[in-house]
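A.B. asks: One structure is given below, represented as structure tokens, and several questions about it will come after.
The values are calculated or read from the model by the stated rules, or taken from the named source; none is laboratory data. For clarity, every value in this text was computed on a predicted model and none was experimentally measured. Don't worry about glycine lacking a Cβ; one is built from the backbone with ideal geometry, like all the others, and counts go over all protein chains shown. For the accessible areas, the whole protein counts, side chains as well, though only heavy atoms, and no ligand, DNA or RNA atoms are used. Shrake-Rupley method; radii C 1.70, N 1.55, O 1.52, S 1.80 Å.
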Amino acid sequence: MKNERIDYYPGIFDKLKNEQNIERWDLDGSCSFTELMWGLGFEMDCCKSFDEYCKSVGIDIHSGSKSEREGRRRILYALEKAPIGIVGNYLFSYWRYLTHWSFGYSKYDEDMLKRILLILEGKYEEVSAK
């Protein structure tokens, strides 16, 4: 289903926002998270597009962070300013990292994913309002 185009509609992410276990995002019977993100046109790019975006606009998310919390704040700030494609790619890549490559994650990581999902929804709302 990777090549099947999916059109965004309000509420498309509701099931994900209500799911407590982020690993279950990819187990939906009708359309997995992976298929959804590919269908919406996003890529799992290991956050490369996000890093390139931050560099191009002069947002430094890495240096000077005194805590993990500050680092997350910087990432969310950058995503709020970023175009929709960057936000979607980051969400897809971060989710994949947490559920497949990390050695575990915390409730803060789950919260971060849901915050990014809300930013992505907001980007879609901005586009549809124009």
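A.B. asks: Tally Lys and Arg at +1 and Asp and Glu at -1 over the other residues with C-beta under 12 Å from the C-beta of Asp45: what net charge comes out?
C.D. replies: Summing Lys/Arg as +1 and Asp/Glu as -1 gives -1.
A.B. asks: Same structure again: Distance check, please: which entries in Lys66/Lys114; Lys66/Lys123; Lys15/Lys66; Lys15/Lys55; Lys48/Lys130 exceed 25 angstrom between their Cα atoms?
C.D. replies: Pairs exceeding 25 Å: Lys66/Lys123; Lys15/Lys66; Lys15/Lys55; Lys48/Lys130.
A.B. asks: Work out the length of the dipole vector of the chain about its Cα centre, built from +1 on the beta-carbon of each Lys and Arg and -1 on the beta-carbon of each Asp and Glu, and round it to the nearest 20 debye.
C.D. replies: Roughly 360 debye for the chain.
A.B. asks: Only loop residues by DSSP count here, and only those with at most 16 other Cβ atoms within 10 Å; note down the GluC sites (Glu not before Pro) in region 13-107 that meet that.
C.D. replies: Qualifying residues, ordered by number: Glu19, Glu43.
A.B. asks: Sticking with this one: Between (i) 147; (ii) 114; (iii) 105, which entry matches volume of the Cα convex hull per residue in Å³ as derived from the coordinates of this structure?
C.D. replies: Of the labelled values, this structure produces (ii).
A.B. asks: What number, rounded to the nearest 500 deg cm²/dmol, is the helix-based mean residue ellipticity at 222 nm of the chain, given -39500 (n - 2.57) per DSSP H run of at least four residues and division by all its residues?
C.D. replies: Roughly -17000 deg cm²/dmol at 222 nm, from the helical runs in the chain.
A.B. asks: Once you place label points 7 Å from the Cα toward the Cβ at Cys46 and Glu4, how far apart are they in nm?
C.D. replies: 3.0 nm
A.B. asks: Here's something else I'd like to know. Using the Cα centre of region 54-130 as the reference point, and only Cβ charges (+1 on K/R, -1 on D/E), how large is the resulting charge dipole? Debye, rounded to the nearest 20.
C.D. replies: It comes to approximately 140 debye.
A.B. asks: Next question. Which whole DSSP H helices in the chain pass both tests: a Cα extent of 15 Å or more along the axis and a mean Kyte-Doolittle value no lower than 0.0?
C.D. replies: Those that clear 15 Å and a mean of 0.0 are 84-96.
A.B. asks: Using DSSP to define loop residues, name the trypsin sites (Lys or Arg not before Pro) in region 1-97 whose beta-carbon has at most 12 other beta-carbon atoms within 10 Å.
C.D. replies: Those that pass, being in a loop and sparsely packed, are Lys2, Arg5, Lys66.
A.B. asks: Could I ask something else about it? Can you send over the carbon and sulfur percentage of the accessible area for the chain, probe radius 1.4 Å, protein chains only?
C.D. replies: Carbon with sulfur: 50 percent of the solvent-accessible area.
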